[in-house]
Structure formats: structure tokens, C-alpha cells
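Have a look at the structure below, then the notes.
The values are calculated or read from the model by the stated rules, or taken from the named source; none is laboratory data. All values reported here derive from a predicted model rather than from experimental measurement. Positions of Cβ are generated from backbone atoms using ideal geometry, with glycine treated the same way; all protein chains shown enter the neighbour counts. Protein only, heavy atoms only, side chains kept; ligands, DNA and RNA dropped before computing areas. Shrake-Rupley method; radii C 1.70, N 1.55, O 1.52, S 1.80 Å.
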Amino acid sequence: MSSQALQLPQYSTSEGTHRVGEEPYLLTPGPLTTAVSTKAAMLKDWGSWDDDFKAITAEIRKRLVAMCSGESDYDCVLMQGSGTFSVEAALASFIPKDGKALVLMNGAYGQRSAKTLEYLKRDYITLDKGDYLPPMPEEVDAILGENPDVTHVVAIHCETSSGILNPLKGISDVVQRQGRKLIVDSMSAFGAIEIDVADIPFEALVSSANKCIEGVPGFGFILARKEALLAAKGNSHSLSLDIHDQWIYMNNTGQWRFTPPTHTVVAFLEALRLHEAEGGVKGRLARYTANRDVLVRGMRALGFETLLDDEWLSPIITTFFSPNDSKFEFSRFYNEIKQRGFIIYPGKLTVADSFRVGCIGALDQHVMSGVVQAVKDSCEVMGVTNFGPPDGVK
Ligand SMILES: *Cc1c(COP(=O)(O)O)cnc(C)c1O
């Protein structure tokens, strides 16, 4: 691979190095704000059959396996499309047609997995904890005890719709003890929350380019036991989403089966290098945690309340209740904040109006302080004076 072409500026968290021009910071859980060098890596065209590009694909796979310490038993398969394509590919490829899943739901992404199984005509049951409560290991244990025919447990690592960090280690222990297989949607956590296969021996884990590794959208990746990849032959209903087939082809040819998102792939390798330079998963977690702490402290000082208690707050994204003030209107709030240089995310709760602020992406504490200031100023011009939620929701 011509490494010369990828000698790009070093990552820096000082203001101004992440943006080209004056586009707002994305306080969203992917697509997110990327480093300038990640964007710059896309200024070259690549032939997907070329050895230089194959070397990039191989290096990405190797680095991702290393990130979960899976070198001995695991491999990585890259899959075109958004994260959902990779989740669907994993559910279809790893759960055999006569298998049965237990889906742990506490928000939109758990619901999406169940809906996907519906499309795939795989048998499943659910544990549905509503909007913001975690599925607890004891509950999973009891359900598995009563349902010996369940072969796979599908868990969402960080449920991005509320920001809750689910107790994956406890769930994994129970699944292992009960002799079932764990499939993890770690889309919004992998790369920022430590996962070691010695500790959490998952069957398969799915994430994508545009979350905590801080690449741009275009593909997802599946980390899976080699045994599971072998056993997946013939399970998938779909040619393009067949992980076994993609794996065999990548191993045999070094190529993707169908056209890869070449620019996204090259940008992702640069993002992985920046991830390593920052100190890997630990370094990234430290920055995101600091981002979250500055945000939550600042917002609470203004009078806002978080949906979740501190125990469940992830360093990925935080949900705040909308102010109980007749002058508050989300679309105006959104636009006022955007004018000040930040894009936030609407809420997804059924219990109360809310909005979300992401802590991931090429952002640091200065950006987070800026968001808090923008929220304060926006509320001021809107005439909002009461920042707390309506009585009774919290
Ligand atoms: C982002 C995300 C996905 C995938 O979403 P896409 O829009 O398809 O990329 C799946 N699960 C979780 C938990 C996510 O945060």
C-alpha cells in the first residue's frame, strides 16, 4: 500500500482542526464529526481489485480483531451498507433457520432486531424493558431457564435511543452459563467501551464505520468466532448479506465480493490509526467520558435533568428531558443551537418530550462547553425560564 499517500495531519483536539469551513459540529451518534485527516483520506480514488486496496482491507480486519483481543478464535468480516445491514446479515447468518432467539429490548434498536427476525422468519421471544430500564442478568437467566429451546441471545450494548449502557458482562455470564450463544449489537459502543473476548465470549458482535471509530458511513463490520463463521454456511436468506460467503471470499481473494465503498474504507483506516494514536479504546473512552461529564454537569447546572440515573449514563449519548415551559419548542431550539454551530438529536421516548446530545466523534471538552453555552443562549432568546421536566416524569 502506498503509505506516502496517507501521510496526513495528526489528530488534534484543539478547536478548528476537525472542520473544513464552518459546518456545525455533529452532536449525533453517527454520522458524526470526523477528523480532517479522515476526511482528507478520501481525496484519492482506489481500484477495489488493486493490491494496495486489498492491503487496506486486510489491515482493517486485523486491527478490529485485535481490538477485542480475538486473534486466536475470531475473525472480522466487513459488510457494505449502514449498520443495520450488518445486524440483519448477522442475525440471518448466525441464527440457523431452526434456531430461536431471545431479544433483549429497551429501545428502538432492540425493537429493530426483533423486527428483523420477523422479516427473516426466525423464531424469537423478547424481554422488553420499555424505554430506559436495563435488561438484568437475573431476568435473562430466568427466561433462559424457562426456554431451553432458545439458542441465541441478542443484546444491544449501548441502546442509543436512550443512551443507556446495558449490563453486557452480566448478561454474557448468564448466556455462557446457560450454554447459549450471544450476538451483540455494539454499534454505538465498540471502540469506546472495552470488550475482550476472554471476558465476554460473544458468538458475533456488530458495529459500523461511523460510530466510535469515527469513520464516515458506508460499511459495517462483524467480529465472530471462526467456528460460527464456518457454521453459518447456508443460513442466510440473502446473497448480498451472507456473512459466510463474504468471509470465504475475503479470505480467498483479499477482496470484497461486490463493490466496496472504497473512499469510506480508506478513511476508516485513517480513523483506526487516529484511534490507536489516542491510546486505543482506553484513550477514546477517557475523552468521551470527559465529554459526557462536562455536558451533564453543565446541563444540570442550568436546571436540565437527564433521563437516566448516573449508574446507567453512557459516555456515548445522553438524553435530557425537554423543559416544562410553554415557550419551549424543539424545532426552534434545534435551529437556535444549529445557528450557534452545533447539531443535536431529537429524543425517542414515549414517556416525555426529550432531546439527545451525543458525546462521540472528533469532539473535546471545549466543544461540549460550547454546546452547554449554546443551549443556555438558545433558551434565553426563546424566553424559556424553567429548564426542569414536567412533574412526575422523573
Ligand atoms: C447506529 C446504530 C445502529 C445502526 O444504525 P444505521 O442507521 O443502520 O447505521 C444499530 N444499532 C445501534 C445500537 C446503533 O446505535
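Residues of the range 313-361: accessible area per residue at 1.4 Å, in Å²?
40 Å²
Convex hull over the alpha-carbon atoms of the range 41-118: what's its volume per residue in Å³?
Cα convex hull per residue, to the nearest whole number: 163 Å³.
Give me the base-10 log of I(q)/I(0) for the range 278-323 at each q in 0.14, 0.21, 0.24, 0.32 Å⁻¹, Debye formula, one uniform scatterer per Cα, rounded to two decimals.
-0.35, -0.69, -0.84, -1.20
State the Cα centre-to-centre distance between the range 118-157 and the range 327-394 in whole Å.
Here the answer is 33 Å between Cα centres.
Tell me which lysines have Cα within less than 16 Å of K54's Cα, excluding those fewer than 8 residues away on the same chain?
K44, K62
Please compute the volume of the convex hull spanned by the alpha-carbon atoms of the chain and report it per residue in Å³.
Cα convex hull per residue, to the nearest whole number: 129 Å³.
Run the numbers for K233 and K97: contour at 0.36 nm per residue of separation, minus the present Cα-Cα distance, in nm.
Length gained, K233 through K97: 47.8 nm.
Which entries of K100/K233; K348/K376; K181/K233; K100/K181; K100/K121 have Cα-Cα distances beyond 20 Å here?
Cα-Cα > 20 Å for K348/K376; rest within.
Rounded to a whole number, what % of the accessible area of the chain do carbon and sulfur atoms account for, probe 1.4 Å?
The nonpolar share, carbon plus sulfur, comes to 51 percent.
Under a plain spin-label model, where a point goes 7 Å from the Cα along Cα-to-Cβ, how far apart in nm are K121 and K44?
Those two pseudo-labels are separated by 4.7 nm.
How much accessible area per residue does the range 40-276 have, counting only protein heavy atoms and a probe of 1.4 Å, in square angstrom?
Spelled out: the 1.4 Å probe surface of the range 40-276, per residue, equals 37 Å².
Take each uninterrupted DSSP H stretch in the chain, measure its Cα extent along the helix axis, and return the ones at 27 Å or beyond whose mean Kyte-Doolittle hydropathy is at least -1.0.
280-302
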